[in-house]
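Colleague: Mind looking over this structure? Questions follow.
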Amino acid sequence: MEKRYGVTRTEGEPNWDAIPREQAACACWGTTYTPETIFQCAYTPGKALYIRMECREADPTVRCREQDGPVWKDSCMEAFLAADRQGSYMNLECNSAGALLCCVGEGRHNRLRLAESGLPRPVLRSRVNKAWWEACLEIPAETLKGLWNLELAPGGVLYANFYKCGDDTPQPHFISWSPIDLPKPDFHAPQFFGALELL
């Protein structure tokens, strides 16, 4: 059954207390470490798509400090976005130190760093608390239009999946929102993306 999430329309910075929360809770590929991970989405028509992710993880692993570095090896939360399930998609991967990997392409091995595309790069703000950490992303409408000629407007649809992982952490783990039916770890699987419906 397809996962679906209604993206709240907002004017300017979202009031996250009023935005529905959805959990990434599909433990993939034998994962036993499953820290509670949620996401929320909102948008301002013609301006930006906002994504907030939060993980109940008290001591997130951090090694990567550089932008577009290997953040997936750390305690990492990720949002993958696309205009459909067949073409190119954007991967946004971040750690609690504010390092963001942002690429676009049609497969795992055919990725272009968004910074090299000439389009505005999403803005990441991260915050760490005693028992949890969060990542807030602001993705400019100009970037979505430039990649896929996609307009942020009521009635529109994006396709996405949201992940929590940590390849080189004390407890390696792979968690997703929309289930992935593949034999080995691979988040680069747009065929399994859920639908984000712009309300």
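Colleague: Count, please, the residues in segment 143-154 that happen to be within 18 Å of F193 (Cα to Cα) and not hydrophobic (A, V, I, L, M, F, W, C).
Modeller: The total comes to 0.
Colleague: Another question, if that's okay. Considering only residues that are in contact with a Phe, Trp or Tyr (Cβ under 7 Å, 6 or more places away or on another chain), assigned to a loop (DSSP other than H, G, I, E, B) and crowded, with 22+ Cβ neighbours inside 10 Å, which ones fall in segment 79-133?
Modeller: S96
Colleague: If you don't mind, there's one more thing I want to ask. Does segment 117-131 contain any residue that is more than 16 Å from the chain's Cα centre (by Cα), of a type in the set (D, E, K, R), farther than 21 Å from E22 by Cα and at pLDDT 95 or above?
Modeller: Among the residues of segment 117-131, not one is more than 16 Å from the chain's Cα centre (by Cα), of a type in the set (D, E, K, R), farther than 21 Å from E22 by Cα and at pLDDT 95 or above, which makes the answer no.
Colleague: Name every residue in segment 15-44 that is aliphatic (A, V, I, L, M) and in a loop (DSSP other than H, G, I, E, B), in order of residue number. Explain how you work it out, then say what you get.
Modeller: The first filter runs over segment 15-44 and keeps only residues aliphatic (A, V, I, L, M), leaving 18-19, 24-25, 27, 38, 42.
Passing the criteria: I19, A24, A25.
Colleague: Checking S178 against (1) in contact with a strand residue (DSSP E or B) (Cβ under 8 Å, 6 or more places away or on another chain); (2) of a type in the set (S, T, N, Q); (3) not in a loop (DSSP other than H, G, I, E, B), which single condition isn't satisfied?
Modeller: Failed condition: (3).
Colleague: Identify all residues within segment 134-151 that are surrounded by 17 or more Cβ atoms within 10 Å (Cβ to Cβ) and assigned to a helix (DSSP H, G or I); write none if there are none.
Modeller: A141, T143, L144, L147, W148
Colleague: If you check K145, K164, which single one turns out to be in contact with a Cys (Cβ under 7 Å, 6 or more places away or on another chain) and among the basic types (K, R)? Give the steps one after another, and end with the answer.
Modeller: Values: K145 fails: in contact with a Cys (Cβ under 7 Å, 6 or more places away or on another chain).
Unique residue meeting the criteria: K164.
Colleague: Further question on the same structure: Counting only residues that are of a type in the set (F, W, Y) and touching a His at 6+ places or on another chain (Cβ under 9 Å), which one in segment 71-97 is farthest from W148 (Cα to Cα)?
Modeller: Taking segment 71-97 as the starting set, the residues that turn out to be of a type in the set (F, W, Y) are 72, 80, 89.
Still in the running and touching a His at 6+ places or on another chain (Cβ under 9 Å): 80, 89.
On the way: F80: 14, Y89: 9 Å.
Per the criteria, the residue is F80.
Colleague: Six or more apart or on different chains, Cβ under 6 Å: which pairs go from a residue in segment 85-112 that's within 18 Å of A189 (Cβ to Cβ) to one that's among the basic types (K, R)? Could you list them?
Modeller: Final answer for the pair search is C103/R111; C103/R113; G105/R111.
Colleague: If only one of T10, T37, T31 is closer than 14 Å to C165 by Cβ, out of contact with any Lys or Arg (no Cβ under 8 Å at 6 or more places or on another chain) and in contact (Cβ under 8 Å) with a residue 12 or more places away in the chain, which one is it?
Modeller: Values: T10 fails: closer than 14 Å to C165 by Cβ; T37 fails: out of contact with any Lys or Arg (no Cβ under 8 Å at 6 or more places or on another chain).
Step by step, each of T10, T37, T31 is checked, and only T31 is closer than 14 Å to C165 by Cβ, out of contact with any Lys or Arg (no Cβ under 8 Å at 6 or more places or on another chain) and in contact (Cβ under 8 Å) with a residue 12 or more places away in the chain.
Colleague: I would also like to ask the following. Out of all the residues in segment 18-39, is one or more modelled with pLDDT of 95 or more and farther than 23 Å from C76 by Cα?
Modeller: Yes, there is a match, as at least one residue in segment 18-39 is modelled with pLDDT of 95 or more and farther than 23 Å from C76 by Cα.
Colleague: Something else about it: Out of (1) in contact with a Ser or Thr (Cβ under 9 Å, 6 or more places away or on another chain); (2) within 27 Å of R4 (Cβ to Cβ), the odd one out for V157 is which?
Modeller: Every condition holds for V157 apart from (1).
Colleague: Let me ask another. Restrict the check to segment 49-60 and report whether at least one residue is part of a loop (DSSP other than H, G, I, E, B) and within 12 Å of the chain's Cα centre (by Cα). Spell out how you get there, then give the answer.
Modeller: Taking segment 49-60 first, the residues part of a loop (DSSP other than H, G, I, E, B) are 56-60.
When the remaining residues are screened for being within 12 Å of the chain's Cα centre (by Cα), the result is none.
Within segment 49-60 (the criterion being part of a loop (DSSP other than H, G, I, E, B) and within 12 Å of the chain's Cα centre (by Cα)), the answer is no, since none of the residues qualifies.
The values are calculated or read from the model by the stated rules, or taken from the named source; none is laboratory data. Keep in mind that what you see is a predicted model, and the values were worked out from it rather than measured. Cβ atoms come from the backbone with ideal geometry, glycine included; neighbour counts cover every protein chain shown.
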